[in-house]
Amino acid sequence: MITIVQGDITAQHVDAVVNAANSSLMGGGGVDGAIHHRGGPAILRECRELRASRYGSGLPTGQAVATTAGDLPARWVIHTVGPVYAKTRDRSHQLASCFRESLRVADELGAKTVAFPAISTGVYRWPMADAARIAVTTVRDCPTEVREIRFVLYDEPAYRAFHEAARAAG
Ligand code: ADP
């Protein structure tokens, strides 16, 4: 089931929230900043451990990895790195990969409810309508045990773009 809500991803009562992280896993602005701010230092501690063990040169674009959610209502944060939008280069496959890989990690964790932000549409400048189309069609076509996939959009235009994408996807 796909649901679309307007709100703050850090306030979602779901098993896992997805973070639009950057490859350093060391925090940043937007969703990333909000998750670390509200989730507290436990998240950054696990991110540091991941950098020291599995991801010495950072989490590659399109991949996903889980940590604790610290003080958030969710149980886990799934960090994924969206591509930076480029007019001259089609990176849609990397954006789609963020959704697929996050759901794969969610399945590994046993998460049944997962909240996604509009990955790559902030600092990474992906046009909202196109990002919404890729997000909705990718999760719709992705085999997963997750029962609810919730898109959490920060503002009204983004919320409308996701509704329109869901309508167009049928
Ligand atoms: P990226 O670096 O992947 O572009 P950003 O975090 O800069 O990621 O932005 C992704 C989207 O998330 C933007 O549309 C932004 O408006 C939205 N956003 C920012 N803060 C929040 C939040 N707390 N909850 C949900 N969405 C948010």
Residue in region 102-124 that is nearest to Pro73 (Cα to Cα), counting only those that are open to solvent by less than 50 Å² (accessible area, probe 1.4 Å), among the aliphatic types (A, V, I, L, M) and not in a strand (DSSP E or B): Ala111
Scan region 78-86 and tell me whether some residue there is away from the ligand (no atom under 16 Å from the Cβ) and not in a strand (DSSP E or B). no
All positions within region 8-27 that are surrounded by fewer than 18 Cβ atoms within 10 Å (Cβ to Cβ) and of a type outside the set (S, T, N, Q): Asp8, Ala11, His13, Met26, Gly27
Every residue from region 99-133 that is within 12 Å of the ligand (Cβ to nearest atom), within 16 Å of Ala21 (Cα to Cα) and in contact (Cβ under 8 Å) with a residue 40 or more places away in the chain: Ala115, Phe116, Pro117, Ala118, Ile119, Ser120, Gly122, Val123, Tyr124, Arg125, Trp126
Only one of (1) assigned to a helix (DSSP H, G or I); (2) open to solvent by 40 Å² or more (accessible area, probe 1.4 Å) is not met by Ile43, so which one is it? (2)
Being free of Cβ contacts under 8 Å to residues at least 24 places away in the same chain, in contact with a strand residue (DSSP E or B) (Cβ under 9 Å, 6 or more places away or on another chain), more than 7 Å from the ligand (Cβ to nearest atom) and assigned to a helix (DSSP H, G or I) is the filter here; which residues of region 8-40 pass it? His36
Sort out which residues of region 46-67 are outside any loop (DSSP other than H, G, I, E, B) and over 20 Å from Arg100 (Cα atoms), and write them in order of number. Glu46, Cys47, Arg48, Glu49, Leu50, Arg51, Ala52
Test: residue in region 46-55 that is within 16 Å of the ligand (Cβ to nearest atom) and more than 14 Å from the chain's Cα centre (by Cα): yes
Are there any pairs with C-beta distances below 7 angstrom linking a residue in region 145-170 that is under 17 Å from Pro127 (Cα atoms) and open to solvent by 30 Å² or more (accessible area, probe 1.4 Å) to a residue that is part of a strand (DSSP E or B) and within 11 Å of the ligand (Cβ to nearest atom), with the two at least 6 apart or on different chains, and if so which? Glu156/Gln6; Tyr159/Gln6; Tyr159/Leu153
Count - residues of region 140-149 that are away from the ligand (no atom under 16 Å from the Cβ) and either at positive phi or of a type in the set (A, V, I, L, M, F, W, C) (or both): 2
List pairs: first residue in region 63-91 and among the basic types (Lys, Arg), second residue open to solvent by less than 30 Å² (accessible area, probe 1.4 Å) and in a loop (DSSP other than H, G, I, E, B) anywhere in the structure, Cβ distance under 8 angstrom, at least six positions apart or on different chains. Arg75/Ala69; Arg75/Ala111; Arg91/Pro83
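The values are calculated or read from the model by the stated rules, or taken from the named source; none is laboratory data. This one's a predicted model, so the numbers in the text were calculated from it and none came from an experiment. Using ideal geometry, Cβ is built from the backbone for each residue, glycine included, and neighbour counts are taken over all protein chains shown. Just the protein is used for accessible areas: all its heavy atoms, side chains included, with ligands, DNA and RNA removed. Shrake-Rupley method; radii C 1.70, N 1.55, O 1.52, S 1.80 Å.
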